[in-house]
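Structure in structure tokens, see below.
The values are calculated or read from the model by the stated rules, or taken from the named source; none is laboratory data. Since the model is a prediction, treat every value here as computed from it, not as a measurement. Here the Cβ is made from the backbone with ideal geometry for all residues, glycine too, and neighbour counts use every protein chain on show. Just the protein is used for accessible areas: all its heavy atoms, side chains included, with ligands, DNA and RNA removed. Shrake-Rupley method; radii C 1.70, N 1.55, O 1.52, S 1.80 Å.
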Amino acid sequence: AAPRVLNVNVGVLGHIDSGKTALARALSTTGSTAAFDRAPQSRARGITLDLGFSCLRTALPPQLGPGPGELQFTLVDCPGHASLIRTIIGGAQIIDLMMLVIDVTKGMQTQSAECLVIGQIACQKMVVVLNKIDLLPEGKRQSAIEKMTKKMQKTLENTKFCGCPIVAVAAKPGGPEAPESENPLGVSELIEVLKSQAYLPSRDPSGHFLMAVDHCFSIKGQGTVMTGTILSGSVSLGDNVEIPALKVTKKVKSMQMFHTPVTYAMQGDRVGICVTQFDPKLLERGLICTPESLHTIHAAIISLKKIQYFRGALQTKAKFHITVGHETVMGRVMFFSPAPADFNEEIKENVFDFEKDYLYQEEYLSKDSNSSEENKENDQAEVQVPRQQWALLEFEKPVTCPKLCLVIGSKLDTDIHANTCRLAFHGVLLQGMEDKNYTETFLPKLKVYKLKHKEGQVERVMDDYSVIGRSLFKKETNIQIFVGLKVKLSTGEDGIIEGGFGQSGKFKIRIPDGLKPDTKTLLTVASKKKSKAGKGDATKEDEISKNDSAQPVTISLLFKRYVFDTQKKMIQS
């Protein structure tokens, strides 16, 4: 049998021009297709535009098991520019180990911070590479490297990569123009560190087959080859695979992994799949999968967390660039939380419970969201943050994605040079809505409510068991729909709205247990003062109305209304 090859996917990420491609080239021994900047416009600019892949093979280190074998690092060179953040996110789902490349003369930059964020969401291990040490003057080189190493350790302190290895190299001494004879510095040490960090990635062949295709080309007499990385499940010779974007199904005729024919491949493998009678121009990149396993959705419910480096609140009704699976589309969000009584309840992961009630939120709740004015004064009003929060996403155009997948929301229109993180939240897609008319067919099942609070005042007493109220409704409100709702007076009595009174929005309240004597006195005094004041002169009237308005009896009406209830029913517990 052939010696086993263990494949570990290493994401090479970093700020634009930090030297990622040069580093991948210095590390690499075997180029896969797609490798090293194949786009002509990118060669001209010296910048990577596609997810490049190349690989490096070395003997299997002892910690990964006995016996002869090879460890293959597939280097996924992720591009650094704004429009391509989605490519990074696309590649991140299968990256086992991240290599964050930092220009030692510049330190952390906007995109290096974003790469760190994506790494924390999608990856378990990281190695930091300080590149371009050849630019540091020899005498001061060591101290400059130590200083930057300390700085990086500090940056990583509060992330899951705290204490990760930091290695200094010069991938291409002398820069892109230097002759090839210049040997890279520190690269063999870096390979040893990568070997020490390699682990048996947990791969799962079960579940639906899903592969991210990054290239598609035809081979004469063979057919069309699609190369890419398997995100989930497995594939065998003779299987049918669907190209969901084109609604086409094809049979797998042959497969190769790094120039060796194979009959089976699984999650995490980098593979070329050959099919017949398919025009490669139709699919430059995209997804292929088990037939029918992806859904195309117009809206979704996701569970989510805010990304701590994102500045500013996440507001309901705001628009974000939403990356789902391999697509990025504009979408509008509506945040909601558990009902207040359930804030601390354990929530089951990866399922959404349609039986429960949820509370509508104007913005994602986080410890720093005391933005409203009244909270500034009383600092002790700590925002209660629930264990879990959700959002309804409504996409501007439908997206095709797996049933449970990573979702990232970002503001990609922010200026790339503004030193700010553009990634706003990440989450898991729990429920997609495939029906175009989801607002009618689906949303009414989603029990998200708003709490409504209206206040009015008692105008006068009618008798011991009823009062007339005002200012709770606008003149044009149909009071009939409020009949039977419970209200509370500020003096403590419970009442029930019986109906309108006259034409000006006043209404009658029945007090089943009767008014308290004190309340009656209060209300009678108030109305007497008014009638007295009418006889006197104007100045007196002003004084009195000041006193009288100091203590009116208020009426408060509380109810909840479900956001997606077509009948707009008002509900009281």
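What residues have an amide H closer than 5 Å to that of M126, excluding those fewer than 5 places away on the same chain, when H is modeled at 1.01 Å from N in the peptide plane?
Amide H neighbours of M126: M98.
Right, next: Suppose each label sits 7 Å from its Cα in the direction of the beta carbon; what would the V262-V383 distance come out to in nanometres?
Rounded to a tenth, the inter-label distance reads 4.7 nm.
If you don't mind, there's one more thing I want to ask. Which whole number in µm²/s is D for region 170-317 by Stokes-Einstein, with the Kirkwood Rh taken over Cα pairs at 4 °C and 1.567 mPa s?
D, rounded to a whole number, is 69 µm²/s.
Ignoring ligands, DNA and RNA, what percent of the accessible area of region 210-289 is carbon or sulfur (1.4 Å)?
55 percent
Might you report the magnitude of the Cβ-based charge dipole of region 210-289 about its Cα centre, with Lys and Arg at +1 and Asp and Glu at -1, to the nearest 20 debye?
Using Cβ point charges on Lys, Arg, Asp and Glu, region 210-289 gives about 180 debye.
In addition: Once you place label points 7 Å from the Cα toward the Cβ at T566 and K140, how far apart are they in nm?
In this crude label model, T566 to K140 measures out at 7.2 nm.
Right, something else. Could you do me a favour and compute the accessible area per residue for region 135-230, 1.4 Å probe, result in Å²?
The answer is 57 Å² per residue.
Structure shown: which of K106/K154; K306/K447; K397/K560; K247/K397 lie over 26 Å apart, alpha-carbon to alpha-carbon?
Violating the 26 Å limit, Cα to Cα: K397/K560.
Another one. Work out the FRET efficiency for A59 and A245 from their Cβ-Cβ distance, taking R0 = 51 Å, and round it to the nearest 0.05.
With R0 = 51 Å, the Cβ-Cβ based efficiency is 0.80.
Could you give each residue of region 243-254 its phi-based ³J(HN,Hα) in whole Hz, using Karplus coefficients 6.51, -1.76, 1.60 with θ = phi - 60°, and x for Gly or Pro?
Karplus-based 3J(HN,Hα) across region 243-254 equals 9, x, 4, 10, 6, 10, 10, 10, 9, 6, 8, 7 Hz.
Please provide three numbers in whole Å: the alpha-carbon extents of region 210-289 along the principal axes, with the largest listed first.
Projected onto the principal axes, the Cα atoms of region 210-289 cover 26, 25, 20 Å.
Next question. Given labels modelled 7 Å from the Cα in the Cβ direction, how far is it in nm from K154 to S196?
About 2.5 nm, to one decimal.
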